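Participant: Just dropping this structure here.
The values are calculated or read from the model by the stated rules, or taken from the named source; none is laboratory data. Note that the coordinates shown come from a computational prediction; the quantities given were computed from them, not determined experimentally. Here the Cβ positions follow ideal geometry from the backbone for every residue, glycine too, while neighbour counts run over all protein chains shown. Side chains are part of the model used for accessible areas, which takes the heavy atoms of the whole protein and leaves out ligands, DNA and RNA. Shrake-Rupley method; radii C 1.70, N 1.55, O 1.52, S 1.80 Å.
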Amino acid sequence: MAERIPRVPVREQDPKVRATNFEEVCYGYDAEEAKLEASRCLHCKNPHCVGACPVGIDIPGFIAQVAEGDFGADAEVIARDSSLPAVCGRVCPQETQCEGSCVLGIKFEPVAIGKLERFVADWSHAQKAAAYAKAQETQGSAAETGAPVSDSERPAIPLEGVQGVKCSRGAGKRVAVIGSGPAGLACASDLAKWGYDVTIFEALHKAGGVLEYGIPEFRLPKETVLKQEIAEVTSLGVKIETNVIIGRTVTIDQLMDKEGFEAVFVGTGAGLPKFMGIPGENLCGVFSANEFLTRNNLMKAFRDDYLTPIHAGKKVCVVGGGNVAMDAARTALRLGAEVHIVYRRTEAELPARREEVHHAKEEGIVFDLLTNPVEVLGDEKGWVRALRCIRMELGEPDESGRRSPVPIPGSEFEIPTDTVIMALGTSPNPLIAKTTEGLEITRRGCLVANEDGATTRPGIFAGGDAVSGAATVILAMGAGRKAAKDIDEYLNK
Ligand code: FAD
């Protein structure tokens, strides 16, 4: 009986060992483990998991192929709806999406949909890399099997069989995509499949958005995973121009009036960090999680062969409880610090993925819950020496449905620390709205767009964190895909 097979556990690096390195924590399934796990799927007539996936992947369809051992066919099933399966298999909050809706999960553990998606994507990338290496070998090249394949040299994904391919529909029409995060990549790859001439403009020197600069190597390896997925997008014909800040290097109006772009998608994310507004936040040793993670991930501070400076400190307090807080905490730990997470609610309200909280605990991160900072205290030289906090208790639910934390009068205390990292959320950068007439923003600084991505300016579409505020990879991808459809309709009116 399918439901009697327990969920196949996934192999991981030992917590003590991985706390000292930046290699990937989770090893993923091998082929036998994947087939066994796939055999647990009940193949429901009305699969709730598909409805719970913001890009609507045919989950039972690809799982059926995994169970059969036909990994090539299932990679194609996923590719119809997702341009970043190896990323999503690793970072999506599956417990609140596909796996949270798995019927098997009512009585038993849900099917490990994320781990299966990851297996299929990794298998497919490995096949392509091996095929490329073999071709190079035949041509007398010294390429090694499994070595990362450069963007321009990758074998293209066969378009036959990719649902919705209308290769000539967009022919001759140019679309600019601003930002190379999941929203931009998803929008660009759908448009390219339909034959549009798509250029992504990216402010940083590397593509990927948060996937490149925010999420650490130990959760999402850059060379072997992210680079491969981005190469799949460029193999569809999408061009990526890095080091171009739209609104500074060139404006949206110039792209449309002078460079011949007929539509623009804005997927510029929400990269502007928030602070608490408490005394002492300007002391030396206080950082935003974004700065700390960007130095480490994009600028490779953790590697001896890079000169990027980073202040890891001896004892670090990370304020916040989301994925960003977990990533900052686990990065500081790997750089040699003792790390505390300071969070004002309880463990039940932590917004981070469950797996990240579990891993952080295993690695030795200390959780100071129901605790809220009120002041950062400094020494005579202006460096952080302690975080003054107050104990909290949970009151009535707020508008988010979570119980509000309420300070307990007179319960202030100090946590000695030399570094404080604020991981309190982010908002969109105002540059695009400021330099583009007619683009409206909300009070929170997010671009105004309808649910299909149309903004207040005809021809300009937007989606992802730039519209929703900080959210998730898969929601950004879903928004990018919806906007691609809307752009297609707009350009074919
Ligand atoms: P981004 O990924 O932010 O990409 C926007 C891109 O636009 C950036 O590359 C930026 O440089 C570029 N850009 C900005 N302005 C301009 C301009 N003017 N001109 C040109 N380019 C510009 N989500 C999950 O689902 N699971 C997780 O585990 C998870 N962990 C996270 C960990 C961290 C540390 C962070 C910060 C976020 C995490 N998230 C996670 C959230 C998720 O990464 C984001 O919701 C998602 O990346 C948003 O995608 P996006 O394409 O809208 O924007």
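Participant: Direction-averaged shadow area of the convex hull around the Cα atoms of region 262-327, nm²? Don't skip to the end; give the middle numbers.
Facilitator: Details: hull surface 29.1 nm².
For the Cα atoms of region 262-327, the hull's average projected area reads 7.3 nm².
Participant: Ignoring ligands, DNA and RNA, what accessible area per residue does region 441-491 give at 1.4 Å, in Å²?
Facilitator: 43
Participant: Can I ask one more? Can you pull the three principal axis extents for the Cα set of region 282-365, in Å, largest first?
Facilitator: Principal extents (Cα only, largest first): 40, 28, 20 Å.
Participant: Please list, in chain and number order, the residues 5+ apart from residue 245 or on another chain whose amide H is under 5 Å from its amide H, with Hs placed from the backbone.
Facilitator: Distant-sequence amide H within range of residue 245: 250.
Participant: What is the extension gain from residue 394 to residue 431, computed as 0.36 nm multiplied by their sequence separation minus the C-alpha to C-alpha distance, in nm to one decimal?
Facilitator: Full extension of this stretch gives 9.5 nm more.
Participant: Answer with one residue from 264, 277, 226: the one whose Cα lies farthest towards the positive end of the charge dipole of region 214-283, charges on Cβ with Lys, Arg +1 and Asp, Glu -1.
Facilitator: The Cα lying farthest towards the positive end belongs to 277.
Participant: Expected output is a single nm value to one decimal: the length gained when fully extending between residue 46 and residue 135, i.e. 0.36 nm times separation in residues minus the C-alpha distance. What is it?
Facilitator: So the chain would gain 27.7 nm between residue 46 and residue 135.
Participant: Under the rule a/c < 1.5 gives rounded, and otherwise a/b versus b/c splits prolate from oblate, where does region 214-363 land using the Cα gyration tensor?
Facilitator: In terms of gyration-tensor shape, prolate.
Participant: Where Rh is the Kirkwood radius over the Cα pairs of the chain, the temperature 37 °C and the viscosity 0.692 mPa s, what D in µm²/s does Stokes-Einstein return?
Facilitator: 138
Participant: What list of ³J(HN,Hα) couplings, whole Hz, do you get for region 436-442 from phi and the Karplus terms 6.51, -1.76, 1.60, once you set θ to phi - 60° and write x for glycine and proline?
Facilitator: With the stated coefficients, region 436-442 comes to 10, 5, x, 8, 8, 10, 7 Hz.
Participant: Same structure, new question: Going by a ≥ b ≥ c, the root eigenvalues of the Cα gyration tensor, does region 170-287 fall in the rounded group (a/c under 1.5), the prolate group (a/b larger than b/c) or the oblate group? The partial results should precede the final answer.
Facilitator: On the way: a/c = 3.01, a/b = 1.54, b/c = 1.95.
Taking the square roots of the gyration eigenvalues as a ≥ b ≥ c, region 170-287 is oblate.
Participant: Nearest 500 deg cm²/dmol is fine: what mean residue ellipticity at 222 nm does the chain get from its DSSP H runs of n ≥ 4 alone, each adding -39,500 (n - 2.57), divided by its residue count?
Facilitator: -9000 deg cm²/dmol
Participant: Over the Cα atoms of region 229-271, what Rg and Dmax result, in angstrom?
Facilitator: Rg then Dmax for region 229-271, in Å: 12.1, 32.
Participant: With charges only on Cβ, +1 for K and R and -1 for D and E, what is the dipole size of the chain about its Cα centre, in debye, rounded to 20?
Facilitator: My answer is approximately 400 debye.
Participant: When the chain is fully extended, how far beyond the present Cα-Cα distance does residue 109 get from residue 412, taking 0.36 nm per residue of separation?
Facilitator: That works out to 104.9 nm of additional length.
Participant: I would also like to ask the following. Could you count how many Lys pairs in region 1-120 have their Cα atoms under 22 Å apart, skipping same-chain pairs fewer than 8 positions apart?
Facilitator: 5
Participant: Related question: Given points 7 Å out from each Cα along the Cα-Cβ axis, report the residue 241 to residue 306 separation in nanometres with one decimal.
Facilitator: It works out to 2.6 nm between the two label points.
Participant: Sorted by packing (mean other beta-carbon atoms within 10 Å per residue), highest first, where do 187-198, 223-234, 34-45 land?
Facilitator: Those peptides, ordered most packed to least, come out 187-198, 223-234, 34-45.
Participant: Mean separation of Cα pairs under 8 Å and 6+ residues apart, divided by the residue count of the chain: what relative contact order is that in percent?
Facilitator: Across the chain, relative contact order equals 15 percent.
Participant: By average Cβ neighbour count within 10 Å, what is the ranking of 434-445, 456-467, 307-318 from highest down?
Facilitator: By packing density, highest mean first, the sequence is 456-467, 307-318, 434-445.
Participant: Convex hull over the Cα atoms of region 355-493, averaged projected area in nm²? Could you put the intermediate results ahead of the total?
Facilitator: Working: hull surface 51.9 nm².
With the hull built on Cα positions only, its mean projection is 13.0 nm².
Participant: Mind listing the long-range amide H neighbours of residue 371? Cut-off is under 5 Å, sequence gap 5 or more, other chains count too, H placed in the peptide plane at 1.01 Å from N.
Facilitator: It is 343, 344, 345, 392, by chain and number.
Participant: Rounded to the nearest percent, how much of the accessible area of the chain (1.4 Å probe, protein heavy atoms only) is carbon and sulfur?
Facilitator: 52
Participant: Something else now. Between residue 168 and residue 404, what FRET efficiency follows from the Cβ-Cβ distance if R0 is 51 Å, with the result rounded to 0.05?
Facilitator: 0.40
Participant: Scan the chain and note any complete DSSP helix (H) whose C-alpha atoms cover at least 20 Å along its axis and whose Kyte-Doolittle average is -1.0 or more.
Facilitator: Helices meeting the criterion: 113-138, 473-491.
Participant: Using a 1.4 Å probe, what is the accessible area per residue for region 349-392, in Å²? All intermediate terms of the calculation are to be shown ahead of the outcome.
Facilitator: On the way: 2020 Å² over 44 residues.
Solvent-accessible surface per residue comes out at 46 Å².
Participant: Are there GluC sites (Glu not before Pro) in region 46-144 that DSSP marks as loop and that have at most 13 other Cβ atoms within 10 Å, and which are they?
Facilitator: 144
Participant: Continuing with this model, one more query. For the pair residue 381 and residue 291, how long in nm is the line joining their label points, each one 7 Å along Cα→Cβ?
Facilitator: Here the modelled spin labels are 1.8 nm apart.
Participant: Residues of region 162-293: accessible area per residue at 1.4 Å, in Å²?
Facilitator: Using a 1.4 Å probe on heavy atoms only, each residue of region 162-293 averages 35 Å².
Participant: Once you compute Rg and the Kirkwood Rh from C-alpha atoms, what is the Rg to Rh ratio for region 367-436?
Facilitator: Result for region 367-436 is an Rg/Rh of 1.13.
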